[in-house]
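A.B. asks: What follows is a single structure, and I will ask about it in a moment.
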Amino acid sequence: MKEMLNNRIWRFLSTFWGVLYLFVICADFAYGNTYGHVIGPLGTVYIATLAVFVGSKEFDRWHEHHPGKRRGELFVFAFTAVIFIMFAVSFAKNGSYRVSPDISAAYIAVLSVFVISQKSKELHSERMRKSEEKKHEDANTAD
């Protein structure tokens with residue numbers, strides 16, 4: 001129960017900071033780098049809460065306490081769409097808007113956390129599959 005509550009808190013914080021971060025980078029884009037001074041610090045807070053949440057979730061998965069809900073893909077897709085649009089507009093306007101290096105770094109961090117989480121899920125599934133095969137094999141041998 002404590003792990004579930006802990007994950008809910010980190011999920012909330014990660015979602016809150018992630019949505020706020022996307023909102024601020026969109027506002028910064030719309031208003032021509034007006035909010036650039038908060039992009040870096042806000043991205044750092046978001047990445048930190050995301051890393052703690054995903055790390056906690058994966059730890060629980062490997063210790064059989066985590067249900068297999070998958071919601072991170074939606075945020076990765078949203079972040080990808082936002083950053084793609086920003087780069088496309090920047091390119092189309094010949095650089096009148098410049099995408100902050102902090103945004104690019106945060107995007108790389110989000111993708112890295114996502115890929116590591118996906119690999120962890122695959123490894124855990126493989127481990128569980130092999131464990132089930134071993135149980136069946138042992139049961140058939142005992143007969």
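The values are calculated or read from the model by the stated rules, or taken from the named source; none is laboratory data. The model shown is predicted, which means the values in this text are computed figures rather than measured ones. A quick note on method: Cβ atoms are made from the backbone with ideal geometry, for glycine too, and the neighbour counts reach across all protein chains shown.
A.B. asks: For the range 14-33, how many residues meet the condition of being of a type in the set (A, V, I, L, M), modelled with pLDDT of 90 or more and out of contact with any Leu (no Cβ under 9 Å at 6 or more places or on another chain)?
C.D. replies: Residues in the range 14-33 being of a type in the set (A, V, I, L, M), modelled with pLDDT of 90 or more and out of contact with any Leu (no Cβ under 9 Å at 6 or more places or on another chain): 3 in total.
A.B. asks: Counting just the residues of the range 90-104 that are in contact with a Ser or Thr (Cβ under 9 Å, 6 or more places away or on another chain) and in a helix (DSSP H, G or I), which one comes out surrounded by the most Cβ atoms within 10 Å (Cβ to Cβ)?
C.D. replies: Among those that are in contact with a Ser or Thr (Cβ under 9 Å, 6 or more places away or on another chain) and in a helix (DSSP H, G or I), it is 102.
A.B. asks: Still on this structure, I have one more. Which of (1) in a helix (DSSP H, G or I); (2) touching a helix residue (DSSP H, G or I) at 6+ places or on another chain (Cβ under 7 Å) is the odd one out, the single condition residue 34 does not satisfy?
C.D. replies: Status for residue 34: all satisfied but (1).
A.B. asks: I want to confirm something. Restricting to the range 58-87 and keeping residues that are at pLDDT below 80 and of a type in the set (D, E, K, R), which single residue is farthest from residue 105 (Cα to Cα)?
C.D. replies: Applying the filter and picking the extreme gives 64.
A.B. asks: Within the range 78-101, is even one residue closer than 14 Å to residue 11 by Cβ and not charged (D, E, K, R)?
C.D. replies: Looking for residues that are closer than 14 Å to residue 11 by Cβ and not charged (D, E, K, R), one finds none in the range 78-101, hence no.
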